[in-house]
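S.K.: Got a structure here, written out as structure tokens. Questions coming.
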There are 2 protein chains.
Amino acid sequence: MRWEELDREPCSLARTLSIVGDRWTLLVLRECFLRVRRFEEFEQRLGIARHVLADRLKKLTEAGVLCKKPYQERPRREEYRLTEKGLDLYPVMLSLLDWGDKWMAGPEGPPLLRRHNACGHVAHAVPTCSECGEPLDARSMTVEPGPGAPPAILKAAGGETE
Amino acid sequence: MRWEELDREPCSLARTLSIVGDRWTLLVLRECFLRVRRFEEFEQRLGIARHVLADRLKKLTEAGVLCKKPYQERPRREEYRLTEKGLDLYPVMLSLLDWGDKWMAGPEGPPLLRRHNACGHVAHAVPTCSECGEPLDARSMTVEPGPGAPPAILKAAGGETE
DNA sequence: CTTGACAGGTTCTTTTTTGGAACCCATTGT
DNA sequence: ACAATGGGTTCCAAAAAAGAACCTGTCAAG
């Protein structure tokens with residue numbers, strides 16, 4: 001399988017990875033969630049090669065995850081902001097962060113914590129069922145074909161569940 | 001920043017990406033969650049080059065995400081299984097899948113659905129606060145330095161929150 | 001006791017992607 | 001007129017990926 005074919009796979013995971021499954025893209029998005037918006041600032045904070053950054057920003061913009069907004073005319077300057085689609089990646093960020101906090105932190109503990117404004121506690125995310133509210137884990141779900149399933153999907157492409 | 005330095009970054013996102021932030025790795029893990037365990041089966045289902053597959057399985061095993069278990073001696077054959085650490089990536093899989101279902105499905109809808117065994121409904125994951133149970137979104141959390149924070153972290157490395 | 005068929009890799013060669021640094025362009029401050 | 005600033009593009013060398021062929025134990029059949 002080649003990288004450009006990934007977005008045509010009958011698998012939501014593969015399709016998502018066709019947008020964010022790249023070394024740099026998620027780090028760029030991390031900065032976006034930290035309200036970084038300008039080319040130079042991305043470059044300085046990430047230490048990314050300029051043309052790689054330009055490429056990622058273009059792809060994310062084309063994918064509708066970011067949008068360009070002018071913040072001044074003459075000279076025209078534009079900044080990159082998360083769209084609705086981009087903000088919707090927050091659960092992905094959270095789950096990656098929480099896993100890193102749990103499994104990749106050294107003996108000192110995680111470098112950053114997140115405090116939930118509403119309740120005031122340092123918290124992590126618990127994935128829960130949208131229908132009944134119970135916590136979800138790998139063994140509690142069953143995969144079945146959806147409306148966009150190709151005929152051969154039952155044996156071929158995947159979703160998840162252990 | 002170079003790829004091998006990523007696991008030493010003071011950022012849980014970067015550290016997580018040092019394990020799973022790769023084109024193929026998450027697709028290999030998708031198959032693991034679908035109970036695929038053998039080299040040949042990974043290869044056939046993914047269409048991945050054999051040495052890339054061997055490399056990813058080795059790295060995931062070294063990282064403690066997968067473990068090798070012999071399922072027969074003479075000839076010795078081993079299968080790859082998710083460890084506790086690997087199973088803990090389920091929230092990451094779910095959030096990626098849900099985003100793909102929502103934003104990358106064609107007009108027909110998503111190719112696969114997940115049904116929650118406990119309540120019987122087709123469901124997606126909602127990230128909720130581990131302390132108070134309320135749903136979390138990008139604007140409801142504040143980042144603060146944790147126990148493993150290096151001195152310069154307040155301005156340098158990131159977590160999230162829009 | 002030779003042939004062949006697995007499972008599970010490794011080696012080799014050709015493309016793609018990176019990283020690094022230099023260069024370009026419009027505007028504006030001095 | 002001249003350097004600085006923001007936002008890129010171009011060029012080259014180095015690293016990683018794709019593809020396909022080749023290697024290695026261990027049975028099992030002829």
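The values are calculated or read from the model by the stated rules, or taken from the named source; none is laboratory data. No experiment lies behind these values; they were computed from the predicted model shown. Here the Cβ is made from the backbone with ideal geometry for all residues, glycine too, and neighbour counts use every protein chain on show. Only protein heavy atoms, including side chains, enter the accessible area calculation; ligands, DNA and RNA are left aside. Shrake-Rupley method; radii C 1.70, N 1.55, O 1.52, S 1.80 Å.
S.K.: If the chain between residue A:59 and residue A:41 were fully stretched, how many nm would it gain, using 0.36 nm times the residue separation less the Cα-Cα distance?
M.R.: Working: separation 18, 0.36 × 18 = 6.48 nm, distance 1.82 nm.
The residue A:59-residue A:41 span can extend by a further 4.7 nm.
S.K.: Do you know the relative contact order of chain B, to the nearest whole percent, from alpha carbon pairs under 8 angstrom that are 6+ apart? It would help to have the intermediate numbers written out before the result.
M.R.: On the way: 137 pairs, mean separation 26.4, N = 162.
So the answer I get is 16 percent.
S.K.: Placing a label point 7 Å from Cα toward Cβ, how far apart in nm is residue B:5 from its equivalents in the other copies, listed shortest first to one decimal?
M.R.: Nearest first, the other copies' label points are 3.6 nm away.
S.K.: Could you report the accessible area of residue A:48 in Å², rounded to 10, computed with a 1.4 Å probe on the protein chains as they sit in the structure?
M.R.: 10 Å²
S.K.: Based solely on C-alpha atoms, express the radius of gyration and the Dmax of segment A:15-102 in angstrom.
M.R.: Calculated on Cα positions, Rg and Dmax stand at 13.1, 48 Å.
S.K.: Now for a different question. Nm distances between the label at residue A:55 and the same-position labels in the remaining copies, 7 Å along Cα→Cβ, shortest first?
M.R.: 1.7
S.K.: Chains A and B: buried accessible surface, both sides, probe 1.4 Å, rounded to 100 Å²?
M.R.: Working: alone 12370 and 12360 Å², together 15270 Å².
Rounded to the nearest hundred, the buried surface is 9500 Å².
S.K.: Follow-up. By how many nm would the segment from residue A:102 to residue A:7 lengthen if fully extended, with 0.36 nm per residue of separation less the alpha-carbon distance? Present the calculation step by step, with values, prior to reporting the outcome.
M.R.: Details: separation 95, 0.36 × 95 = 34.20 nm, distance 3.10 nm.
Value of the extension gain: 31.1 nm.
S.K.: Summarise the long-distance tail of P(r) for chain B by giving the % of C-alpha pairs beyond 26 Å.
M.R.: The answer is 43 percent, as a whole percent.
S.K.: Let me ask something else about it. Grab the alpha carbons of segment B:10-49, take their convex hull, and tell me the volume per residue in Å³.
M.R.: On the way: hull volume 2.8 nm³, N = 40.
Considering the Cα atoms of segment B:10-49, their hull volume per residue is 70 Å³.
S.K.: If I take R0 = 22 Å and measure r between the Cβ atoms of residue A:52 and residue A:79 in this structure, what FRET efficiency does the formula 1/(1 + (r/R0)^6) give, to the nearest 0.05?
M.R.: Numbers: r = 19 Å, r/R0 = 0.86.
Once rounded, the FRET efficiency stands at 0.70.
S.K.: Counting alpha carbon pairs within less than 8 Å and at least 6 residues apart, what relative contact order, in whole percent, applies to segment B:1-88?
M.R.: Details: 83 pairs, mean separation 18.3, N = 88.
Taking the mean separation of contacting Cα pairs over the length of segment B:1-88, I get 21 percent.
S.K.: Here is a follow-up. Please compute the per residue accessible area over segment B:18-162 with all protein chains in place, 1.4 Å probe, rounded to a whole number of Å². Kindly include the intermediate steps, with their values, before the conclusion.
M.R.: Numbers: 6810 Å² over 145 residues.
Averaged over the residues of segment B:18-162, the accessible area is 47 Å².
S.K.: Whole angstrom only: what separates the Cα centroid of segment A:9-54 from the Cα centroid of segment A:70-86?
M.R.: Each part's Cα centre sits 16 Å from the other's.
S.K.: Using only the Cα atoms of the protein assembly as shown, build the gyration tensor, take square roots of its eigenvalues as a ≥ b ≥ c, and label the shape rounded, prolate or oblate: rounded if a/c is under 1.5, else prolate if a/b is larger than b/c, else oblate.
M.R.: Working: a/c = 1.40, a/b = 1.37, b/c = 1.02.
Taking the square roots of the gyration eigenvalues as a ≥ b ≥ c, the protein assembly as shown is rounded.
S.K.: Mind checking the full-extension length gain between residue A:119 and residue A:69? Use 0.36 nm per residue of separation minus the Cα-Cα distance, one decimal, nm. Mind dumping the intermediate values first?
M.R.: Numbers: separation 50, 0.36 × 50 = 18.00 nm, distance 3.38 nm.
Full extension of this stretch gives 14.6 nm more.
S.K.: Assume the label is 7 Å from Cα along Cα to beta carbon: what separations in nm does residue B:134 have to the matching positions in the other copies?
M.R.: Spelled out, the distances from residue B:134's label point are 2.6 nm.
S.K.: With all protein chains present, how much of the accessible area of chain B (probe radius 1.4 Å) comes from carbon and sulfur, to the nearest whole percent? Provide the component values of the computation, followed by the final result.
M.R.: Numbers: 3760 of 7630 Å².
For chain B, the apolar C and S fraction of the accessible surface comes to 49 percent.
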